[in-house]
Structure formats: C-alpha cells, structure tokens
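Worksheet: one structure, shown below.
The values are calculated or read from the model by the stated rules, or taken from the named source; none is laboratory data. Source: prediction; values computed, not measured. Every residue, glycine as well, gets a Cβ built from its backbone with ideal geometry; the counts of neighbours run over all protein chains shown. Just the protein is used for accessible areas: all its heavy atoms, side chains included, with ligands, DNA and RNA removed. Shrake-Rupley method; radii C 1.70, N 1.55, O 1.52, S 1.80 Å.
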Amino acid sequence: MFTAERRRLRKPLLGAAALVSAGVLVLAGCSGGGGGNNGGGGEDPATLEFLKNAENTTTQPVLDALAAGACETQNEAMPLEVNSIPQAELDAQVQLLATQDGLPPMFSAGGNPAEGAKLWEAGYLLDFDEALTELGVRDKVAEGAVSTIEKLYGGAFNFLPFQYNIEGIFYNKTVFEENGWEVPETWDDLLTVAAEAQDAGLTPFAASGEQGWPLTRLVSGYLFRSLGPDALQKVADGDAKLTDPEYVEAAAAIADLGEKGYFGSNVASLDYDAASNEFLTGKAAMIYMGSWLLGNINGDGNQIGADNVGFFKFPAVDGGAGSIDEYPSNVGLPATFGAKTYTEGVGEWLKCITANYGNEALKQGQITGFIADEPVDLPPISQTIADEIATATDSVLWFEALFNAKASNISSTNAALLVTGQITPEEFMTLVQDALDEG
Amino acid sequence: MKSVLGDRKAIMLLLTPALLVYTLIILIPVLWSFGLTFFTGNVLTGFEFNGIENFTRLLTDPYVHDAFWFTLKYAVIVTLFQVVLGYGLAMLYQFVLRRSSVIVRTLVFFPVVLPTVAIAILYQKLFQSAPTDGLVNELLVNVGLSSVDWLGAGDTAFIVIVIMDVWRSVGFYGVLIFSGLLDIPEDIIESARIDGAKTFSLFRYIVLPMSLPILFASFIFSINGTIKVFDSVFALTGGGPGNSTTPLTLYMYRTAFQFSDFGYGSTIALLLTVMCLIVTLFIFKSSRRDNTV
C-alpha cells in the first residue's frame with residue numbers, strides 16, 4: 001500500500017518540481033540582462049537613454065535643445081531618450097541595473113557621493129579624462145568643476161558637471177542700505193547684522209529645517225573658516241572626530257544662531273520653497289544658498305527684484321585657519337556614462353555634449369562646469385556669481401559631502417533639532433560621528 | 001466531485017498552480033530575505049557572511065530601540081482609537097441611526113478611499129505653522145493661545161500622526177464592526193429587552209459578547225496594520241524631526257535601500273515579522289480563552 005501510494009505520488013511531484021524549475025528559469029530570464037535595445041551587457045545601444053533624477057529639471061531642456069540643434073546629427077543616428085525616477089530611489093535603482101548589466105549609456109548617480117564612488121571602484125563608469133582627451137574636447141570642462149568631482153567621487157574625473165554651483169550668503173541690498181549695514185566679512189560682523197535685522201523685525205536668516213542641509217552647510221562653513229579647508233577631509237580620513245571640541249564649537253555656533261531666534265520661530269518645519277520665498281518676499285535679510293537659487297532670483301516670483309539681491313562669501317572666523325576665498329562648491333547631482341555601453345555612437349554624443357553644453361546652458365541662464373565661450377548677456381546677480389566663479393582660487397566641499405549615506409541622513413534630519421535646542425551640539429556631532437564610525 | 005477530491009493526483013494537480021505561485025512570490029523571497037540576515041553588504045560591493053552579527057547589532061542599535069518603541073506606542077494607541085471609535089460608530093449605525101445611517105457611514109468611510117499622500121498633505125496644511133499658520137494654529141491664536149510648530153517636535157508630530165491615521169481609518173473599522181453587529185439576531189435583543197435589560201446591561205451581556213469575534217478580527221487587522229505603518233508617517237513627517245517619528249518599517253527601508261545595507265535591513269524586517277506574529281498569536285490565544293469561558 002505504502003509503495004503503491006509512493007509510486008502514485010512520484011509523478012505529480014516530479015511534475016511540480018519541473019514546473020517550479022521552469023518558473024524559476026523564466027523569472028531568472030526576466031530579471032537578468034535588461035539590455036533590450038538600450039544596450040545592457042555591452043550591446044550597442046540604439047538610443048542615448050538618459051536615466052535621471054526627476055527633481056533635476058535643468059539638464060533635460062539643454063539636452064533637448066542640443067538634440068534639436070548642435071547635436072542634431074548625433075540625435076538622428078542615436079535618438080536621445082530621457083527617463084526620470086525619484087531621486088530617493090536613484091541609488092538603489094542604479095545599483096540594481098549595474099549588477100544586471102542593464103545600465104543605460106547615460107545616467108545620474110551618486111545621490112550620495114559615496115555611492116557614486118563605489119560605482120567607479122567597481123568599474124561601471126567611464127573615465128572622462130581619457131575619453132574626452134581622445135575625443136579632443138577635454139579643454140571644454142572647467143578645471144574647478146573637475147577638481148570638485150575628483151574630491152567627491154573617488155579621485156577621478158568620472159562624472160560630468162551639468163551643474164556647477166558655488167555657495168554663499170545672498171542678501172537683500174535695500175534692507176542692508178536702509179539700515180546702514182556693511183557686507184559682513186567676519187563671523188562677529190555677521191552676528192551684529194543678524195541682531196540688528198532681528199531688531200528691525202526681519203528674520204535674519206531664512207533656512208529650511210525640514211530639509212536640514214541648509215543648516216548643516218552653516219556648520220561646515222564655520223568649520224572651513226575656523227579649521228581650514230581640510231577640516232572635513234581629516235574626519236573622513238579618521239584623523240579627527242566630529243566630537244573633538246573644535247568641531248563641536250562649530251555646531252555650537254550655529255545652534256547659538258537658532259537659540260537667538262535668527263532663523264525665525266518655525267525653522268524646524270519650514271520647507272525649502274517656503275524658506276526661499278521668505279527671502280524673495282523681503283521677510284528675511286539673508287539666506288545661505290547655492291548659485292542654483294539664481295533661477296528663483298531671476299524668476300517672476302522674486303518680489304524684492306533681482307537687482308536688489310547681493311551675494312557675499314561665508315565670513316571669516318577670527319583666528320581661523322581658513323580663507324574667505326575658499327568657496328563651497330558642488331556639481332549638483334551629476335550624470336555619468338556607463339563604461340560597458342560606451343560605443344562609437346555614444347562617443348559622438350559625448351563629444352557634442354561636452355563641446356556645446358556650456359554655451360547652450362548659459363543661454364538658458366544656467367551656470368555649469370562646461371566652458372561657455374560665446375558671449376551672453378546675463379542678469380546682474382548671475383554675472384556677479386559668474387565673476388566670483390571665475391576669480392575663485394580654491395573650493396571646499398560641504399558638511400555631508402564625504403559622509404556615508406547613513407551619516408548624511410542623520411546629519412540632515414537632526415539639524416533642525418540642533419538649532420531649536422532639542423539636542424545639544426555635542427549630541428548632534430556624536431550622532432553623526434557614530435554613523436560615520438559604522439562605516 | 002467526491003471522487004475527484006478523494007484522488008491525491010487530482011488534489012496535487014489542482015493545488016500545484018497556486019502552490020507554485022505562492023512559492024515563487026512569497027516563500028522564496030521570504031526565505032531569501034531570512035538568508036540575507038546572515039550577510040552584510042549590497043549588490044554592488046558584494047555580500048559577505050557575518051554570522052549573527054546583524055542580530056547582535058539589532059540588540060544594541062539605539063535607532064532600532066527608538067523605532068521599536070515608536071512603533072509599539074503608535075500601534076497600541078492607534079489600534080485602541082481605531083477599534084474603540086469604530087465600535088462606537090458601529091453602535092451608532094446599528095442602534096441609533098439604523099436605516100438612515102447610510103449617509104453618515106458613507107461620509108465617515110470617505111477618507112478610507114483617499115490616497116494617503118493626499119491626506120498627509122491635507123494634514124500638513126491643517127497643522128502648518130510656517131510660513132503661515134494652518135487652520136489649527138489659526139484657531140489656537142483666535143482663542144488667545146500661541147501658535148504651535150506641530151511638526152517641528154517629536155511629541156506634537158506624534159499627536160498629528162495619530163489624529164490623521166485614526167481619522168482616515170476609523171470609517172473602515174466602523175463598517176467592519178457594523179457588519180458584525182448585523183449578525184446579532186434581533187429576536188435575542190428583543191427578548192432581553194422584554195426580560196427587562198436596560199441599555200448598559202443589554203450592551204454588557206448581549207451585544208458585547210456576541211460582537212467579540214468581529215472585535216478580535218478588528219484588533220488583529222488594526223494591530224498588524226499599525227505595526228507595519230509606513231506611508232502615512234513617511235508622507236507626513238518623513239520620520240522626523242530627527243528620528244522621533246521613525247517606525248521600524250521606515251528604518252528598515254532606509255537601512256536597506258538608502259544606506260544599501262540589505263542584510264541588516266532584512267534583520268529589521270524579521271523583527272517586524274516576529275512582532276506581528278507574536279501579537280496575532282497573543283490575540284488569537286486570548287480569543288480562544290474567552291470562548292472557552
């Protein structure tokens with residue numbers, strides 16, 4: 001009986017096993033490769049697919065203009081195809097595609113620079129130093145931008161500077177003139193102006209605590225001025241800790257601004273747009289921001305007028321080792337090219353983009369890390385920023401630039417607690433340092 | 001029919017497609033995820049076996065502790081509100097409003113069908129304090145109180161999350177429990193009334209015992225749903241400020257997908273699974289004990 005039953009069961013069981021195996025194979029076939037006509041796994045791509053973060057709205061208009069103009073020939077041979085996904089999902093998506101040999105020819109990556117550096121180390125990215133030299137357009141990329149990329153992404157020129165921003169403090173010129181305030185050159189000058197701005201009924205600094213990074217940028221600004229441009233590199237190298245007294249002092253200086261109410265009463269829940277609007281509607285005297293704010297400053301929403309906006313560098317800290325001429329700079333969330341999908345056709349596109357992106361972007365009011373050699377009339381504040389970039393002697397990064405993803409997240413999400421007194425400067429720096437120590 | 005269901009071959013043949021799908025999309029990923037708990041790394045850098053390190057890390061990780069207590073606090077409070085208010089609504093529908101309850105039921109149920117993100121944006125605006133006051137702060141200011149930065153501190157943000165999630169889900173529990181109350185035979189209630197049972201004793205000795213099965217089901221639904229809360233918190237506060245409103249699900253998501261630590265993320269997921277299992281077993285056990293009394 002037992003034997004008979006077992007015999008009866010064997011065939012269906014074998015059938016079921018075969019079905020499971022077939023299913024697994026089908027799924028495995030679906031999940032691997034990717035490729036398709038966009039050339040995963042080293043195939044020749046039929047289109048120049050560009051996978052980008054949805055939040056980036058500046059790159060596509062320039063690429064579209066190039067596809068319709070200077071790069072029309074390349075576009076006919078290999079049409080540009082832009083796909084967007086939310087920035088929060090980008091790192092995970094790119095990692096997944098990389099391991100499936102499904103990376104498109106061109107993609108944004110490195111929402112956290114440490115993740116971009118990992119892609120480089122694993123051999124997924126094109127070496128632009130080599131490729132652009134071969135294509136004869138290496139001189140079309142600004143050295144300052146290349147230097148920033150090298151500092152961020154593992155020491156190589158492996159991303160393209162579709163954006164190039166410097167950071168500093170934008171201020172309301174009329175308010176400054178009416179109150180007789182000079183542009184601050186030292187931290188103490190800045191505190192004096194902030195106190196008088198508060199007395200005048202203004203929010204001294206518009207800042208988004210919801211985003212967090214506009215506040216931590218102030219911590220790193222203070223660190224670069226007090227300890228020098230290598231302050232955060234030392235932390236990344238393990239030669240210093242954020243919990244060292246001189247580092248905690250920087251966090252305490254920014255916490256002090258919050259304690260005095262210089263960010264306004266609701267900084268913790270103020271979002272980026274609301275903070276920008278606070279400045280652009282004349283309610284705030286100053287805002288720390290990057291040159292990407294130029295779009296808003298030159299836009300229709302600016303109620304104080306573009307001519308009324310000035311810009312000054314993060315002030316010096318008395319006795320500090322840093323120089324006021326060292327600008328915090330960044331390249332936004334830049335795009336790169338896949339090493340395995342780099343074919344002759346993709347090379348033609350890369351050559352055309354590199355040669356023409358700077359001029360086309362400038363026509364659209366964007367300052368990038370590509371050389372723009374055609375004269376364009378810029379609004380005054382944009383010209384000021386362009387001049388500052390041209391005369392900058394050195395650049396520094398920002399607070400989270402060299403952090404791992406977890407430390408970066410903890411830094412941004414706890415910044416509001418720091419300036420509202422919900423955690424102490426020591427606690428803030430300890431939280432971030434602990435995340436760094438986890439590796 | 002009997003001969004088909006008595007035939008093992010036929011049983012296997014009928015079960016195989018469902019079993020295959022279940023195995024491929026549930027069982028294998030679950031086992032895969034469990035296997036990942038013994039590894040560290042990610043798809044780019046590769047995975048490395050690290051034994052039970054993820055589990056020891058789980059015990060000492062302050063972020064897990066905070067997320068665990070937040071999840072537990074949230075689950076208990078929201079479940080109580082959801083089920084108790086839902087029960088109250090169901091009683092209102094069944095014994096007070098009766099046939100005219102349709103409009104009220106529809107209105108109270110309406111938030112259930114709204115997208116969570118839309119509700120979160122609505123509540124952000126309601127409790128806004130910057131750059132302009134929302135409706136709640138306007139009311140506070142109008143009665144002489146000062147404006148509160150509700151989402152700027154952990155305690156007040158928690159209150160907003162609870163209010164929002166109870167508001168958006170209580171209609172579901174109202175209807176769910178109402179469907180249970182409909183099963184109580186009218187003649188039993190009438191008999192009790194004739195025997196002199198007043199409102200409270202009618203509730204205590206007839207309605208409550210007879211609605212216990214649906215109440216237990218509601219508790220299981222609610223506690224499992226609230227332990228796994230993610231979308232509403234993510235959309236309303238993003239887990240902040242700091243990590244003060246970060247539930248385990250959000251910490252798991254960040255660990256695995258933002259910090260690229262899939263092994264530890266899977267370990268946090270396992271903790272969540274165990275929590276859901278314990279709570280469900282506990283409620284089932286309580287339910288069985290009650291039925292045997």
A:Glu360 fails exactly one of the following numbered conditions: (1) part of a helix (DSSP H, G or I); (2) of a type outside the set (A, V, I, L, M, F, W, C); (3) more than 14 Å from every other protein chain (Cβ to nearest Cβ); (4) surrounded by fewer than 21 Cβ atoms within 10 Å (Cβ to Cβ). What is the number of that condition?
(4)
The range A:313-328 - residue that is at pLDDT 90 or above and under 21 Å from the mean Cα position of the chain (by Cα) and, of those, surrounded by the fewest Cβ atoms within 10 Å (Cβ to Cβ)
A:Lys313
Please specify each residue of the range A:126-145 satisfying the condition of being farther than 21 Å from A:Glu400 by Cβ and of a type outside the set (D, E, K, R).
A:Leu126, A:Phe128, A:Ala131, A:Leu132, A:Thr133, A:Leu135, A:Gly136, A:Val137, A:Val141, A:Ala142
Residue count, the range A:61-86 (criterion: in contact with a Ser or Thr (Cβ under 8 Å, 6 or more places away or on another chain) and of a type in the set (S, T, N, Q))
0
Out of all the residues in the range B:68-91, is one or more of a type in the set (A, V, I, L, M) and closer than 30 Å to A:Gly102 by Cβ?
no
Within the range B:122-143, identify whether any single residue is open to solvent by less than 20 Å² (accessible area, probe 1.4 Å) and either farther than 30 Å from A:Asn277 by Cα or among the hydrophobic types (A, V, I, L, M, F, W, C) (or both), and answer yes or no.
yes
Just for the range B:43-67: of the residues that are in a helix (DSSP H, G or I) and in contact (Cβ under 8 Å) with a residue 60 or more places away in the chain, which one is nearest to A:Leu96 (Cα to Cα)?
B:Asn54
Filtered residues of the range A:404-429 (kept if more than 10 Å from chain B (Cβ to nearest Cβ) and outside any helix (DSSP H, G or I)):
A:Gly421, A:Thr424
Quick one: which of B:Val166, B:Val117 is touching a residue at least 40 places away in the same chain (Cβ under 8 Å), away from chain A (no Cβ under 14 Å) and of a type in the set (A, V, I, L, M, F, W, C)?
B:Val166
Of all residues in the range A:340-374, which are modelled with pLDDT under 95 and among the aliphatic types (A, V, I, L, M)?
A:Ala361, A:Leu362, A:Ile367, A:Ile371, A:Ala372
Restricting the range A:89-128 to residues that are of a type in the set (Phe, Trp, Tyr) and more than 10 Å from chain B (Cβ to nearest Cβ), the residue that is farthest from the chain's Cα centre (by Cα)
A:Phe128
What number of residues within the range A:123-137 are at negative phi and either in a helix (DSSP H, G or I) or exposed (fewer than 15 other Cβ atoms within 10 Å of the Cβ) (or both)?
8
Where residues in the range A:55-72 are out of contact with any helix residue (DSSP H, G or I) (no Cβ under 7 Å at 6 or more places or on another chain) and touching a residue at least 12 places away in the same chain (Cβ under 8 Å), which of them is farthest from A:Pro161 (Cα to Cα)?
A:Gly69
Specify the residue that is least open to solvent (accessible area, probe 1.4 Å); the eligible residues are those in the range A:221-248 that are assigned to a helix (DSSP H, G or I) and over 18 Å from A:Pro328 (Cβ atoms).
A:Val248
Tell me the residue from A:Thr216, A:Thr192 that is within 17 Å of A:Ala250 (Cα to Cα) and part of a helix (DSSP H, G or I), please.
A:Thr216
Reported set for the range B:8-47 where residues are open to solvent by 60 Å² or more (accessible area, probe 1.4 Å) and touching a Lys or Arg at 6+ places or on another chain (Cβ under 9 Å) is B:Arg8, B:Lys9, B:Thr45
Could you say whether any residue in the range B:89-106 is open to solvent by less than 80 Å² (accessible area, probe 1.4 Å) and touching a Pro at 6+ places or on another chain (Cβ under 9 Å)?
no
B:Gly51 within 14 Å of another protein chain (Cβ to nearest Cβ), at positive phi and open to solvent by less than 30 Å² (accessible area, probe 1.4 Å)
no
Sort through B:Phe219, B:Phe234, B:Phe284, B:Phe200 and tell me the only one that's within 14 Å of chain A (Cβ to nearest Cβ), open to solvent by 60 Å² or more (accessible area, probe 1.4 Å) and either of a type outside the set (Ser, Thr, Tyr) or within 25 Å of A:Ser412 (Cβ to Cβ) (or both).
B:Phe234
For the range A:273-292: of the residues being surrounded by fewer than 22 Cβ atoms within 10 Å (Cβ to Cβ) and either farther than 20 Å from A:Gln383 by Cα or of a type in the set (A, V, I, L, M, F, W, C) (or both), which is farthest from the other protein chains (Cβ to nearest Cβ)?
A:Trp292
Criterion violated by A:Thr73 - all others in (1) away from chain B (no Cβ under 14 Å); (2) out of contact with any Cys (no Cβ under 9 Å at 6 or more places or on another chain); (3) open to solvent by 40 Å² or more (accessible area, probe 1.4 Å); (4) not small (Gly, Ala, Ser) satisfied:
(2)
Filter the range A:174-220 for residues that are surrounded by fewer than 16 Cβ atoms within 10 Å (Cβ to Cβ) and within 28 Å of the chain's Cα centre (by Cα) and give the result.
A:Glu185, A:Thr186
Taking the criterion of being touching a Leu at 6+ places or on another chain (Cβ under 7 Å) and free of Cβ contacts under 8 Å to residues at least 60 places away in the same chain, would at least one residue in the range A:361-374 satisfy it?
yes
Within the range B:245-260, how many residues are facing chain A (nearest Cβ under 8 Å), outside any helix (DSSP H, G or I) and either in contact with a Gly (Cβ under 6 Å, 6 or more places away or on another chain) or on the phi < 0 side of the Ramachandran plot (or both)?
1
For A:Glu374, indicate whether it is within 30 Å of A:Leu126 (Cα to Cα), touching a helix residue (DSSP H, G or I) at 6+ places or on another chain (Cβ under 8 Å) and crowded, with 17+ Cβ neighbours inside 10 Å.
no
Looking only at the range A:393-411, decide whether some residue is open to solvent by less than 10 Å² (accessible area, probe 1.4 Å), over 22 Å from the mean Cα position of the chain (by Cα) and of a type outside the set (Gly, Ala, Ser).
no
